[in-house]
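Working notes, beginning with the structure itself.
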Amino acid sequence: MKRILVAHDGSRQSEKALKEAIRLATSFGASLTVISVVPELYLTEITDIDRENLSELLIAETKSLMNRVKTSLKGKKIRQKFLIRQGSPADRIIDTAIKQKTDLIVTGSYGRHGAKRFLMGSVSSKIVDHAPCSVLVVK
Ligand SMILES: Nc1ncnc2c1ncn2[C@@H]1O[C@H](COP(=O)(O)OP(=O)(O)OP(=O)(O)O)[C@@H](O)[C@H]1O
Ligand SMILES: [Mg+2]
């Protein structure tokens, strides 16, 4: 296993996924790419200006999340890469996995919405369905 891709949405569960991915990358000597996708806003109720402001806010939030992740990986002997993408989270994560020839995608079982749900989140289930490689869904 050479390349691991971990999907981070800032949730507690994706933080758990990151820890697991770090553990695996360390023991396999694999590289680790952390990806966070800023979701496209489809709200029809708001004006274009509000949409732009909100979008900028989400991008800023994602950048600061990535900086926190970078800090937590500092000093670890893992080849690492950090990506911020925009659009449909599952689609962007799958595109990236194909492009980078990822061997394993790591996600949380749920994300920012559904801590109490029985079912897995929609992003992680879409990844499991369409990924070009194995997927580890961390519970
Ligand atoms: N925008 C995102 N960028 C990167 N990874 C994400 C993103 N959204 C979700 N993920 C990954 O998918 C995992 C599951 O989150 P998911 O979004 O599927 O569940 P949820 O937020 O609880 O429910 P919902 O289906 O309503 O979004 C997260 O722990 C994270 O690993
Ligand atoms: Mg979600």
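The values are calculated or read from the model by the stated rules, or taken from the named source; none is laboratory data. In this text, all values refer to a predicted model and were calculated from it rather than measured experimentally. In this analysis, Cβ positions are derived from the backbone assuming ideal geometry, glycine residues included, and neighbour counts consider all displayed protein chains. Ligands, DNA and RNA are stripped out before the accessible areas are found, and what is left, the full protein with its side chains, is counted by its heavy atoms. Shrake-Rupley method; radii C 1.70, N 1.55, O 1.52, S 1.80 Å.
From the phi angles alone, apply the Karplus equation (6.51, -1.76, 1.60; θ = phi - 60°) to region 67-77 and give each ³J(HN,Hα) in whole Hz, x where the residue is Gly or Pro.
Using θ = phi - 60°, the values come out as 5, 5, 5, 4, 4, 6, 9, 4, x, 7, 8 Hz.
Share of region 1-48's accessible area from carbon and sulfur, percent, 1.4 Å? The partial results should precede the final answer.
Numbers: 1380 of 2560 Å².
Answer for region 1-48: carbon and sulfur cover 54 percent of the accessible area.
Identify the chymotrypsin sites (Phe, Trp or Tyr not before Pro) of region 1-86 meeting these criteria: DSSP loop state and at most 15 other C-beta atoms within 10 Å of the C-beta.
Hits after loop and neighbour filter: Y42.
Relative to the longest principal axis of the chain, what angle (0 to 90°, nearest 10) does the C-alpha long axis of helix 12-28 take?
With rounding to tens, the tilt is 30 degrees.
If you line up the long axis of helix 89-99 against the longest principal axis of the chain, both from Cα atoms, how many degrees apart are they, to the nearest 10?
It is inclined by approximately 40 degrees.
Amide H of V38 versus every other amide H placed in the peptide plane: which residues, excluding those fewer than 5 positions away on the same chain, fall under 5 Å?
R85, Q86, G87
What residue among S14, S72, S88 has the largest mean-square fluctuation in a Gaussian network model of the chain, using Cα springs under 10 Å?
In this elastic network of the chain, the residue with the biggest mean-square fluctuation among S14, S72, S88 is S72.
Using a 1.4 angstrom probe, figure out how much accessible area the chain has per residue, in square angstrom, rounded to the nearest whole.
Details: 8670 Å² over 139 residues.
Ligands and nucleic acids excluded, the result is 62 Å² per residue.
Got a sec? What order do R51, R112 fall in by accessible area at 1.4 Å, biggest, i.e. largest, first? Could you put the intermediate results ahead of the total?
Values: R51 65, R112 145 Å².
Per-residue accessible area, sorted high to low, gives R112, R51.
Measure out, as a whole number of angstrom, how far apart the alpha-carbon centroids of region 96-112 and region 33-67 sit.
Rounded to whole Å, the Cα centres lie 20 Å apart.
Leaving ligands, DNA and RNA out of it, work out the accessible area of E56 with a 1.4 Å probe and give it in Å² to the nearest 10.
It works out to around 110 Å².
Please compute, over every Cα-Cα pair in the chain, the percentage with a separation greater than 27 angstrom.
Numbers: 1780 of 9591 pairs.
Within the chain, distances greater than 27 Å cover 19 percent of Cα pairs.
Over the chain, what is the relative contact order in percent, taking alpha-carbon pairs closer than 8 angstrom and at least six residues apart?
Computed over the chain, the figure is 35 percent.
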